[in-house]
Amino acid sequence: MDRSPLDLYKPDFWYTLAIAVLVLVPLKAPVVRKWAWAAINLAFLGVLLGVPDLWGPLQRQAYLEAARMLGASDLLRVCACLFVAYIVLQAVQRRWLGVIPLALAGLALATLFTIHKLPSTASVYRLADVKSALGAIGFSYAALRLVDALRLTHEGRHAAPDLPSTINYLLPFHMLAAGPIQGYADFMAQPAVPPPLGASDALRAVERIALGLFKKYVIADLLESSLLTPFPTPFVFGAFEVMLFYFLLYLDFSAYSDITVGAGRLMGVATPENFNRPYVARNLVDFWDRWHMSLSQFIYRNIFIPVQMALVRRTGPKSALWCGAVAFLVSFLLCGLWHSLDVRWAMWGMMHALGLVVVVWYRAWLKRRLGREAMNRYRAHLGIRLLAVVLTQAYVAVTLQVVTWPLELST
Amino acid sequence: MNGPDSTNGSIPAWQIAVRLVWVVVQLSLVYALGATGAQFVYQGF
(Lines give C-alpha, C1' and ligand atoms only; values in the text may rest on other atoms or scores of the structure.)
Protein backbone atom coordinates (compact mmCIF):
# COMPACT_ATOMS: atom_id res chain seq x y z
CA MET A 1 0.00 0.00 0.00
CA ASP A 2 1.26 3.48 -0.83
CA ARG A 3 1.29 5.53 2.32
CA SER A 4 2.60 8.91 1.26
CA PRO A 5 0.47 11.66 2.80
CA LEU A 6 1.43 14.29 0.27
CA ASP A 7 1.86 13.23 -3.31
CA LEU A 8 1.03 15.77 -5.98
CA TYR A 9 -0.25 13.20 -8.43
CA LYS A 10 -2.54 11.49 -5.94
CA PRO A 11 -5.56 13.59 -5.16
CA ASP A 12 -6.20 12.41 -1.57
CA PHE A 13 -4.58 15.39 0.10
CA TRP A 14 -6.21 17.93 -2.21
CA TYR A 15 -9.68 16.38 -1.97
CA THR A 16 -9.37 16.37 1.82
CA LEU A 17 -8.22 20.00 1.80
CA ALA A 18 -11.14 21.01 -0.43
CA ILE A 19 -13.65 19.21 1.81
CA ALA A 20 -12.07 20.71 4.94
CA VAL A 21 -12.34 24.26 3.53
CA LEU A 22 -15.95 23.73 2.42
CA VAL A 23 -16.94 22.23 5.78
CA LEU A 24 -14.89 24.27 8.25
CA VAL A 25 -15.09 27.80 6.86
CA PRO A 26 -18.87 28.22 7.25
CA LEU A 27 -19.02 26.47 10.66
CA LYS A 28 -19.45 28.95 13.50
CA ALA A 29 -20.32 26.66 16.42
CA PRO A 30 -17.02 25.89 18.22
CA VAL A 31 -17.93 22.37 19.35
CA VAL A 32 -19.30 21.31 15.96
CA ARG A 33 -16.27 22.81 14.25
CA LYS A 34 -13.90 20.93 16.54
CA TRP A 35 -15.63 17.59 15.91
CA ALA A 36 -15.89 18.21 12.17
CA TRP A 37 -12.14 18.94 12.02
CA ALA A 38 -11.45 15.75 14.01
CA ALA A 39 -13.68 13.73 11.65
CA ILE A 40 -11.79 15.11 8.64
CA ASN A 41 -8.44 14.26 10.22
CA LEU A 42 -9.59 10.71 10.98
CA ALA A 43 -11.03 10.33 7.48
CA PHE A 44 -7.67 11.29 6.01
CA LEU A 45 -5.99 8.72 8.25
CA GLY A 46 -8.48 6.18 6.90
CA VAL A 47 -7.50 7.05 3.33
CA LEU A 48 -3.83 6.87 4.25
CA LEU A 49 -3.82 3.66 6.27
CA GLY A 50 -6.74 1.87 4.63
CA VAL A 51 -10.17 1.13 6.09
CA PRO A 52 -10.78 -2.61 6.71
CA ASP A 53 -13.54 -3.97 4.48
CA LEU A 54 -15.72 -5.71 7.05
CA TRP A 55 -18.80 -5.95 4.83
CA GLY A 56 -18.02 -9.41 3.43
CA PRO A 57 -17.31 -11.17 6.77
CA LEU A 58 -20.29 -9.46 8.44
CA GLN A 59 -22.63 -10.62 5.65
CA ARG A 60 -21.35 -14.17 6.13
CA GLN A 61 -21.77 -13.72 9.89
CA ALA A 62 -18.06 -14.49 10.28
CA TYR A 63 -17.72 -12.23 13.31
CA LEU A 64 -14.41 -13.69 14.43
CA GLU A 65 -12.88 -12.96 11.03
CA ALA A 66 -14.29 -9.42 11.13
CA ALA A 67 -12.81 -8.89 14.59
CA ARG A 68 -9.45 -10.22 13.40
CA MET A 69 -9.50 -7.83 10.43
CA LEU A 70 -10.40 -4.97 12.72
CA GLY A 71 -7.58 -5.89 15.09
CA ALA A 72 -5.08 -6.00 12.24
CA SER A 73 -6.16 -2.59 10.95
CA ASP A 74 -3.55 0.16 11.27
CA LEU A 75 -6.34 2.72 11.34
CA LEU A 76 -7.89 1.11 14.41
CA ARG A 77 -4.50 0.90 16.12
CA VAL A 78 -3.80 4.57 15.49
CA CYS A 79 -7.30 5.49 16.77
CA ALA A 80 -6.67 3.38 19.88
CA CYS A 81 -3.34 5.18 20.44
CA LEU A 82 -5.11 8.55 20.11
CA PHE A 83 -7.68 7.47 22.69
CA VAL A 84 -4.94 6.27 25.06
CA ALA A 85 -3.13 9.61 24.61
CA TYR A 86 -6.38 11.40 25.52
CA ILE A 87 -6.82 9.26 28.66
CA VAL A 88 -3.19 9.75 29.71
CA LEU A 89 -3.48 13.54 29.30
CA GLN A 90 -6.66 13.52 31.40
CA ALA A 91 -4.90 11.38 34.03
CA VAL A 92 -1.91 13.74 34.12
CA GLN A 93 -4.17 16.75 34.59
CA ARG A 94 -6.19 15.10 37.36
CA ARG A 95 -3.07 13.66 39.02
CA TRP A 96 -4.49 10.13 38.82
CA LEU A 97 -1.93 7.52 40.01
CA GLY A 98 0.82 10.13 40.54
CA VAL A 99 3.55 10.06 37.92
CA ILE A 100 2.65 6.57 36.66
CA PRO A 101 0.71 7.79 33.57
CA LEU A 102 3.61 10.09 32.64
CA ALA A 103 6.13 7.28 33.08
CA LEU A 104 4.04 4.85 31.01
CA ALA A 105 3.55 7.44 28.28
CA GLY A 106 7.31 8.08 28.22
CA LEU A 107 8.05 4.36 27.97
CA ALA A 108 5.50 3.84 25.17
CA LEU A 109 6.80 6.84 23.22
CA ALA A 110 10.41 5.70 23.62
CA THR A 111 9.53 2.17 22.43
CA LEU A 112 7.59 3.35 19.40
CA PHE A 113 10.27 5.92 18.62
CA THR A 114 12.98 3.24 18.69
CA ILE A 115 10.96 1.02 16.33
CA HIS A 116 10.37 4.01 14.07
CA LYS A 117 13.92 5.36 13.99
CA LEU A 118 16.22 2.36 14.37
CA PRO A 119 17.14 1.31 10.81
CA SER A 120 17.48 -2.40 11.73
CA THR A 121 13.79 -2.74 12.78
CA ALA A 122 12.78 -2.57 9.10
CA SER A 123 13.78 -6.20 8.64
CA VAL A 124 12.10 -7.54 11.79
CA TYR A 125 8.86 -9.45 11.12
CA ARG A 126 5.77 -7.57 12.40
CA LEU A 127 7.87 -4.55 13.46
CA ALA A 128 8.24 -3.64 9.78
CA ASP A 129 4.46 -3.08 9.54
CA VAL A 130 4.43 -0.96 12.69
CA LYS A 131 7.39 1.01 11.36
CA SER A 132 5.60 1.63 8.07
CA ALA A 133 2.45 2.88 9.83
CA LEU A 134 4.51 5.13 12.12
CA GLY A 135 6.25 6.61 9.09
CA ALA A 136 2.94 7.20 7.35
CA ILE A 137 1.50 9.22 10.21
CA GLY A 138 4.70 11.23 10.77
CA PHE A 139 5.21 9.75 14.24
CA SER A 140 8.28 11.86 15.07
CA TYR A 141 6.23 15.03 14.81
CA ALA A 142 3.21 13.63 16.65
CA ALA A 143 5.45 12.31 19.45
CA LEU A 144 7.00 15.74 20.06
CA ARG A 145 3.54 17.36 20.06
CA LEU A 146 2.43 14.84 22.68
CA VAL A 147 5.53 15.53 24.81
CA ASP A 148 4.77 19.27 24.71
CA ALA A 149 1.13 18.66 25.71
CA LEU A 150 2.14 16.28 28.52
CA ARG A 151 4.65 18.77 29.96
CA LEU A 152 2.32 21.78 29.91
CA THR A 153 -0.55 19.72 31.30
CA HIS A 154 1.67 18.23 34.03
CA GLU A 155 2.90 21.72 35.01
CA GLY A 156 -0.71 22.91 35.18
CA ARG A 157 -0.10 25.65 32.61
CA HIS A 158 -2.78 24.38 30.24
CA ALA A 159 -5.78 22.09 30.59
CA ALA A 160 -5.64 18.66 28.95
CA PRO A 161 -7.34 18.58 25.54
CA ASP A 162 -10.75 16.98 25.06
CA LEU A 163 -11.01 14.03 22.66
CA PRO A 164 -11.49 15.93 19.36
CA SER A 165 -8.75 18.41 20.33
CA THR A 166 -6.39 15.49 21.08
CA ILE A 167 -6.96 14.21 17.53
CA ASN A 168 -6.68 17.69 16.00
CA TYR A 169 -3.52 18.57 17.90
CA LEU A 170 -1.64 15.30 17.47
CA LEU A 171 -2.56 14.31 13.91
CA PRO A 172 -3.81 17.27 11.84
CA PHE A 173 -3.88 15.96 8.27
CA HIS A 174 -2.10 18.92 6.67
CA MET A 175 0.84 18.73 9.14
CA LEU A 176 1.01 14.94 9.08
CA ALA A 177 3.78 14.32 6.58
CA ALA A 178 6.49 16.68 7.84
CA GLY A 179 5.26 18.90 10.64
CA PRO A 180 5.54 21.65 11.74
CA ILE A 181 5.65 20.71 15.42
CA GLN A 182 2.98 23.03 16.72
CA GLY A 183 3.47 24.05 20.36
CA TYR A 184 0.62 22.99 22.65
CA ALA A 185 0.35 26.55 24.01
CA ASP A 186 -0.06 27.86 20.44
CA PHE A 187 -2.69 25.24 19.69
CA MET A 188 -4.67 26.11 22.82
CA ALA A 189 -4.35 29.86 22.15
CA GLN A 190 -6.01 29.77 18.73
CA PRO A 191 -9.60 31.01 18.62
CA ALA A 192 -12.27 28.30 18.68
CA VAL A 193 -13.76 29.91 15.58
CA PRO A 194 -11.33 31.85 13.35
CA PRO A 195 -12.15 35.22 11.78
CA PRO A 196 -14.01 34.93 8.45
CA LEU A 197 -11.87 34.03 5.47
CA GLY A 198 -11.60 37.15 3.32
CA ALA A 199 -10.77 37.25 -0.38
CA SER A 200 -7.24 38.57 0.17
CA ASP A 201 -6.57 35.93 2.86
CA ALA A 202 -7.74 33.23 0.46
CA LEU A 203 -5.61 34.65 -2.35
CA ARG A 204 -2.52 34.75 -0.13
CA ALA A 205 -3.15 31.19 1.02
CA VAL A 206 -3.48 29.92 -2.56
CA GLU A 207 -0.34 31.85 -3.53
CA ARG A 208 1.52 30.21 -0.68
CA ILE A 209 0.45 26.72 -1.76
CA ALA A 210 1.35 27.44 -5.40
CA LEU A 211 4.74 28.80 -4.32
CA GLY A 212 5.43 25.66 -2.29
CA LEU A 213 4.58 23.37 -5.18
CA PHE A 214 6.65 25.50 -7.57
CA LYS A 215 9.69 25.50 -5.25
CA LYS A 216 9.62 21.74 -4.81
CA TYR A 217 8.47 20.36 -8.14
CA VAL A 218 10.02 22.89 -10.51
CA ILE A 219 13.01 24.71 -8.99
CA ALA A 220 14.32 22.01 -6.63
CA ASP A 221 13.69 19.11 -9.02
CA LEU A 222 15.26 20.92 -11.99
CA LEU A 223 18.32 21.95 -9.98
CA GLU A 224 18.72 18.46 -8.60
CA SER A 225 18.38 16.68 -11.94
CA SER A 226 20.64 19.10 -13.82
CA LEU A 227 23.38 19.96 -11.31
CA LEU A 228 23.63 17.36 -8.54
CA THR A 229 25.76 14.35 -9.47
CA PRO A 230 25.59 10.96 -7.74
CA PHE A 231 29.40 10.50 -7.81
CA PRO A 232 32.37 12.26 -6.14
CA THR A 233 33.45 15.36 -8.07
CA PRO A 234 36.66 17.47 -8.12
CA PHE A 235 37.09 20.07 -5.41
CA VAL A 236 35.49 23.22 -6.90
CA PHE A 237 32.37 21.51 -8.22
CA GLY A 238 32.33 19.31 -5.12
CA ALA A 239 32.18 22.42 -2.91
CA PHE A 240 29.43 23.80 -5.13
CA GLU A 241 27.50 20.56 -4.76
CA VAL A 242 27.81 20.69 -0.97
CA MET A 243 26.18 24.13 -0.98
CA LEU A 244 23.63 23.02 -3.59
CA PHE A 245 22.56 20.04 -1.49
CA TYR A 246 21.88 22.36 1.46
CA PHE A 247 19.95 24.76 -0.80
CA LEU A 248 17.91 21.89 -2.24
CA LEU A 249 17.04 20.69 1.24
CA TYR A 250 15.90 24.20 2.12
CA LEU A 251 13.76 24.42 -1.03
CA ASP A 252 12.23 21.01 -0.40
CA PHE A 253 11.46 21.41 3.30
CA SER A 254 10.35 25.05 3.14
CA ALA A 255 8.14 24.17 0.16
CA TYR A 256 6.31 21.63 2.29
CA SER A 257 5.92 24.25 5.02
CA ASP A 258 4.54 26.75 2.48
CA ILE A 259 1.87 24.23 1.44
CA THR A 260 1.04 23.47 5.07
CA VAL A 261 0.78 27.13 6.12
CA GLY A 262 -1.32 27.94 3.02
CA ALA A 263 -3.64 24.99 3.68
CA GLY A 264 -3.95 26.01 7.34
CA ARG A 265 -4.89 29.57 6.38
CA LEU A 266 -7.57 28.34 3.97
CA MET A 267 -9.12 26.10 6.63
CA GLY A 268 -8.76 28.58 9.48
CA VAL A 269 -6.42 26.29 11.41
CA ALA A 270 -3.43 27.95 13.07
CA THR A 271 -0.29 26.52 11.47
CA PRO A 272 3.12 27.73 12.62
CA GLU A 273 5.81 29.03 10.26
CA ASN A 274 8.84 26.79 10.02
CA PHE A 275 11.32 28.92 8.06
CA ASN A 276 12.38 32.55 8.05
CA ARG A 277 15.08 33.05 5.40
CA PRO A 278 17.75 30.83 7.02
CA TYR A 279 20.16 31.69 4.20
CA VAL A 280 20.76 35.16 5.75
CA ALA A 281 21.62 33.77 9.20
CA ARG A 282 24.87 35.34 10.47
CA ASN A 283 25.67 32.65 13.01
CA LEU A 284 24.33 29.28 14.18
CA VAL A 285 22.16 30.80 16.92
CA ASP A 286 20.57 33.00 14.27
CA PHE A 287 20.32 30.00 11.95
CA TRP A 288 18.30 27.95 14.45
CA ASP A 289 15.97 30.93 14.94
CA ARG A 290 15.22 30.67 11.22
CA TRP A 291 15.48 26.97 10.21
CA HIS A 292 12.88 24.35 11.22
CA MET A 293 11.75 26.89 13.80
CA SER A 294 9.05 24.70 15.30
CA LEU A 295 11.66 22.04 16.14
CA SER A 296 14.23 24.50 17.50
CA GLN A 297 11.56 26.16 19.66
CA PHE A 298 10.49 22.73 20.95
CA ILE A 299 14.11 21.91 21.83
CA TYR A 300 14.59 25.30 23.50
CA ARG A 301 11.45 24.94 25.65
CA ASN A 302 11.66 21.27 26.51
CA ILE A 303 15.37 20.41 26.62
CA PHE A 304 17.74 23.39 26.54
CA ILE A 305 16.08 25.58 29.20
CA PRO A 306 15.34 22.74 31.68
CA VAL A 307 18.89 21.35 31.38
CA GLN A 308 20.54 24.76 31.64
CA MET A 309 18.40 25.85 34.59
CA ALA A 310 19.01 22.60 36.46
CA LEU A 311 22.79 22.97 35.99
CA VAL A 312 22.86 26.66 36.96
CA ARG A 313 20.88 25.87 40.10
CA ARG A 314 23.50 23.29 41.04
CA THR A 315 26.64 25.19 40.10
CA GLY A 316 25.70 28.86 40.46
CA PRO A 317 25.34 31.71 37.93
CA LYS A 318 29.11 32.15 37.46
CA SER A 319 29.26 28.98 35.42
CA ALA A 320 26.27 29.91 33.21
CA LEU A 321 28.37 29.73 30.02
CA TRP A 322 29.55 26.21 30.81
CA CYS A 323 26.01 25.18 31.74
CA GLY A 324 24.80 26.58 28.42
CA ALA A 325 27.48 24.57 26.60
CA VAL A 326 26.38 21.33 28.26
CA ALA A 327 22.73 22.18 27.52
CA PHE A 328 23.62 22.71 23.83
CA LEU A 329 25.43 19.36 23.68
CA VAL A 330 22.53 17.47 25.26
CA SER A 331 19.90 19.30 23.17
CA PHE A 332 21.58 18.78 19.83
CA LEU A 333 22.64 15.21 20.50
CA LEU A 334 18.95 14.46 21.08
CA CYS A 335 18.00 16.60 18.07
CA GLY A 336 20.35 14.54 15.89
CA LEU A 337 19.00 11.26 17.25
CA TRP A 338 15.45 12.51 16.66
CA HIS A 339 16.29 12.50 12.95
CA SER A 340 17.61 8.93 13.09
CA LEU A 341 19.09 6.61 15.73
CA ASP A 342 22.33 6.56 13.87
CA VAL A 343 25.93 7.65 14.56
CA ARG A 344 25.97 10.06 11.59
CA TRP A 345 23.05 12.05 12.95
CA ALA A 346 24.64 12.04 16.40
CA MET A 347 27.76 13.56 14.81
CA TRP A 348 25.62 16.11 12.97
CA GLY A 349 24.05 17.10 16.29
CA MET A 350 27.44 17.37 17.98
CA MET A 351 28.76 19.57 15.17
CA HIS A 352 25.83 21.94 15.57
CA ALA A 353 26.22 21.95 19.36
CA LEU A 354 29.93 22.76 19.10
CA GLY A 355 29.20 25.49 16.56
CA LEU A 356 26.59 27.00 18.87
CA VAL A 357 28.96 26.88 21.86
CA VAL A 358 31.66 28.64 19.82
CA VAL A 359 29.18 31.35 18.75
CA VAL A 360 27.96 32.00 22.30
CA TRP A 361 31.45 32.02 23.81
CA TYR A 362 32.87 34.21 21.01
CA ARG A 363 30.01 36.66 21.49
CA ALA A 364 30.62 36.81 25.26
CA TRP A 365 34.37 37.32 24.68
CA LEU A 366 33.74 40.08 22.13
CA LYS A 367 31.33 41.86 24.46
CA ARG A 368 33.91 41.88 27.24
CA ARG A 369 36.69 43.02 24.94
CA LEU A 370 34.88 45.65 22.85
CA GLY A 371 32.20 47.11 25.11
CA ARG A 372 28.65 47.80 24.03
CA GLU A 373 29.20 50.61 21.48
CA ALA A 374 32.06 48.95 19.63
CA MET A 375 30.09 45.69 19.70
CA ASN A 376 27.13 47.41 18.01
CA ARG A 377 29.45 48.85 15.35
CA TYR A 378 30.97 45.40 14.85
CA ARG A 379 27.53 43.85 14.38
CA ALA A 380 26.45 46.57 11.92
CA HIS A 381 29.61 46.29 9.77
CA LEU A 382 28.55 45.07 6.31
CA GLY A 383 31.76 43.23 5.50
CA ILE A 384 31.74 41.34 8.79
CA ARG A 385 28.09 40.51 8.32
CA LEU A 386 28.68 39.12 4.81
CA LEU A 387 31.64 37.04 5.99
CA ALA A 388 29.61 35.74 8.94
CA VAL A 389 26.72 34.74 6.67
CA VAL A 390 29.01 32.92 4.23
CA LEU A 391 30.82 31.06 7.03
CA THR A 392 27.54 30.09 8.71
CA GLN A 393 25.98 28.78 5.51
CA ALA A 394 29.15 26.86 4.61
CA TYR A 395 29.29 25.29 8.08
CA VAL A 396 25.64 24.19 7.90
CA ALA A 397 26.21 22.72 4.43
CA VAL A 398 29.26 20.77 5.64
CA THR A 399 27.35 19.33 8.61
CA LEU A 400 24.76 17.99 6.16
CA GLN A 401 27.52 16.20 4.27
CA VAL A 402 28.37 14.31 7.44
CA VAL A 403 24.89 12.83 7.30
CA THR A 404 25.17 11.64 3.69
CA TRP A 405 28.90 10.98 3.26
CA PRO A 406 29.33 7.54 4.87
CA LEU A 407 26.26 6.22 3.03
CA GLU A 408 27.72 7.22 -0.30
CA LEU A 409 31.01 5.61 0.63
CA SER A 410 29.31 2.32 1.36
CA THR A 411 27.50 2.15 -2.00
CA MET B 1 1.79 31.49 14.44
CA ASN B 2 -0.32 31.86 11.36
CA GLY B 3 -4.03 31.68 11.55
CA PRO B 4 -6.02 33.40 8.89
CA ASP B 5 -5.42 37.09 9.36
CA SER B 6 -8.26 39.48 9.00
CA THR B 7 -6.45 42.22 7.06
CA ASN B 8 -8.71 42.43 4.07
CA GLY B 9 -7.75 45.79 2.69
CA SER B 10 -9.12 46.23 -0.81
CA ILE B 11 -6.66 45.07 -3.45
CA PRO B 12 -6.93 46.59 -6.92
CA ALA B 13 -8.53 44.21 -9.43
CA TRP B 14 -5.52 44.35 -11.77
CA GLN B 15 -3.25 43.25 -8.92
CA ILE B 16 -5.51 40.32 -8.11
CA ALA B 17 -5.55 39.36 -11.78
CA VAL B 18 -1.74 39.49 -12.05
CA ARG B 19 -1.30 37.45 -8.89
CA LEU B 20 -3.80 34.85 -10.07
CA VAL B 21 -2.07 34.61 -13.44
CA TRP B 22 1.24 33.98 -11.63
CA VAL B 23 -0.43 31.26 -9.54
CA VAL B 24 -1.75 29.63 -12.72
CA VAL B 25 1.67 29.89 -14.40
CA GLN B 26 3.35 28.26 -11.39
CA LEU B 27 0.81 25.45 -11.22
CA SER B 28 1.02 24.87 -14.97
CA LEU B 29 4.81 24.56 -14.74
CA VAL B 30 4.40 22.17 -11.81
CA TYR B 31 2.00 20.07 -13.89
CA ALA B 32 4.25 20.14 -16.95
CA LEU B 33 7.64 19.65 -15.28
CA GLY B 34 6.96 18.14 -11.87
CA ALA B 35 8.38 14.70 -11.19
CA THR B 36 5.65 12.14 -10.65
CA GLY B 37 5.41 10.95 -7.09
CA ALA B 38 8.48 12.86 -5.90
CA GLN B 39 8.53 12.71 -2.11
CA PHE B 40 9.49 15.49 0.24
CA VAL B 41 12.78 14.76 1.99
CA TYR B 42 11.36 15.18 5.48
CA GLN B 43 8.19 13.25 4.67
CA GLY B 44 7.44 10.31 6.93
CA PHE B 45 9.90 11.32 9.63
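The values are calculated or read from the model by the stated rules, or taken from the named source; none is laboratory data. Predicted, not measured: the structure shown is a model, and the values here were computed from it. Please note: Cβ atoms are built from the backbone with ideal geometry, for glycine as well, and neighbour counts cover all protein chains shown.
With respect to A:V261, is the statement that it is of a type in the set (A, V, I, L, M) and in the same structural domain as A:F328 (by TED's automatic domain parsing) true?
Spelling it out, it is not the case that A:V261 is of a type in the set (A, V, I, L, M) and in the same structural domain as A:F328 (by TED's automatic domain parsing).
Looking only at residues that are of a type in the set (V, I, T) and outside any helix (DSSP H, G or I) in the stretch A:242-292, which one is farthest from A:L354 (Cα to Cα)?
Step one: list which residues in the stretch A:242-292 are of a type in the set (V, I, T), which gives A:242, A:259-261, A:269, A:271, A:280, A:285.
Narrowing the set further to residues that are outside any helix (DSSP H, G or I) leaves A:269, A:271.
On the way: A:V269: 37, A:T271: 31 Å.
Across the stretch A:242-292, the extreme among qualifying residues is A:V269.
Is it the case that the stretch A:57-75 has a residue that's surrounded by 17 or more Cβ atoms within 10 Å (Cβ to Cβ), among the hydrophobic types (A, V, I, L, M, F, W, C), under 30 Å from the mean Cα position of the chain (by Cα) and more than 17 Å from A:P172 (Cβ to Cβ)?
No, that holds for no residue.
Check the stretch A:129-139 and report whether any residue there is over 28 Å from A:S296 (Cα atoms) and among the small types (G, A, S).
Within the stretch A:129-139, not a single residue is over 28 Å from A:S296 (Cα atoms) and among the small types (G, A, S).
I'd like to check which helices (runs of 4 or more DSSP H) are fully inside the stretch A:56-145 and have at least 2 residues that are polar (S, T, N, Q).
A:74-94, A:100-117
Looking at A:A364, A:A388, A:A394, can you tell me which residue is over 30 Å from A:L248 (Cα atoms) and over 21 Å from the mean Cα position of the chain (by Cα)?
On the way: A:A388 fails: over 30 Å from A:L248 (Cα atoms); A:A394 fails: over 30 Å from A:L248 (Cα atoms).
From the options A:A364, A:A388, A:A394, the qualifying one is A:A364.
Can A:L171 be described as over 15 Å from A:A80 (Cα atoms), more than 10 Å from chain B (Cβ to nearest Cβ) and under 18 Å from the mean Cα position of the chain (by Cα)?
Considered against the rule, which asks whether it is over 15 Å from A:A80 (Cα atoms), more than 10 Å from chain B (Cβ to nearest Cβ) and under 18 Å from the mean Cα position of the chain (by Cα), A:L171 comes out as no.
So, of the residues in the stretch A:276-290 that are more than 11 Å from A:V396 (Cα to Cα) and under 15 Å from the mean Cα position of the chain (by Cα), which turns out to be surrounded by the fewest Cβ atoms within 10 Å (Cβ to Cβ)?
A:D289
Given the condition crowded, with 16+ Cβ neighbours inside 10 Å and either modelled with pLDDT of 90 or more or in the same structural domain as A:R204 (by TED's automatic domain parsing) (or both), answer yes or no: does some residue in the stretch A:228-241 qualify?
For the stretch A:228-241, residues crowded, with 16+ Cβ neighbours inside 10 Å and either modelled with pLDDT of 90 or more or in the same structural domain as A:R204 (by TED's automatic domain parsing) (or both): present.
Being within 29 Å of A:F304 (Cβ to Cβ) and within 14 Å of chain B (Cβ to nearest Cβ) narrows it down to one residue among A:P119, A:P101, A:P161; which is it?
The match here is A:P119.
Among the candidates A:P191, A:P180, which residue alone is on the phi < 0 side of the Ramachandran plot, surrounded by fewer than 17 Cβ atoms within 10 Å (Cβ to Cβ), within 11 Å of chain B (Cβ to nearest Cβ) and part of a loop (DSSP other than H, G, I, E, B)?
Result: A:P191 is the single residue among A:P191, A:P180 that is on the phi < 0 side of the Ramachandran plot, surrounded by fewer than 17 Cβ atoms within 10 Å (Cβ to Cβ), within 11 Å of chain B (Cβ to nearest Cβ) and part of a loop (DSSP other than H, G, I, E, B).
With respect to B:A32, is the statement that it is modelled with pLDDT of 75 or more, more than 7 Å from chain A (Cβ to nearest Cβ), within 13 Å of A:L203 (Cα to Cα) and not in a loop (DSSP other than H, G, I, E, B) true?
On the way: modelled with pLDDT of 75 or more: yes; more than 7 Å from chain A (Cβ to nearest Cβ): yes; within 13 Å of A:L203 (Cα to Cα): no; not in a loop (DSSP other than H, G, I, E, B): yes.
Considered against the rule, which asks whether it is modelled with pLDDT of 75 or more, more than 7 Å from chain A (Cβ to nearest Cβ), within 13 Å of A:L203 (Cα to Cα) and not in a loop (DSSP other than H, G, I, E, B), B:A32 comes out as no.
I'd like to check something: does the stretch A:200-214 contain any residue that is more than 7 Å from chain B (Cβ to nearest Cβ) and either farther than 30 Å from A:I137 by Cβ or touching a strand residue (DSSP E or B) at 6+ places or on another chain (Cβ under 6 Å) (or both)?
So far as the stretch A:200-214 goes, no, none of its residues is more than 7 Å from chain B (Cβ to nearest Cβ) and either farther than 30 Å from A:I137 by Cβ or touching a strand residue (DSSP E or B) at 6+ places or on another chain (Cβ under 6 Å) (or both).
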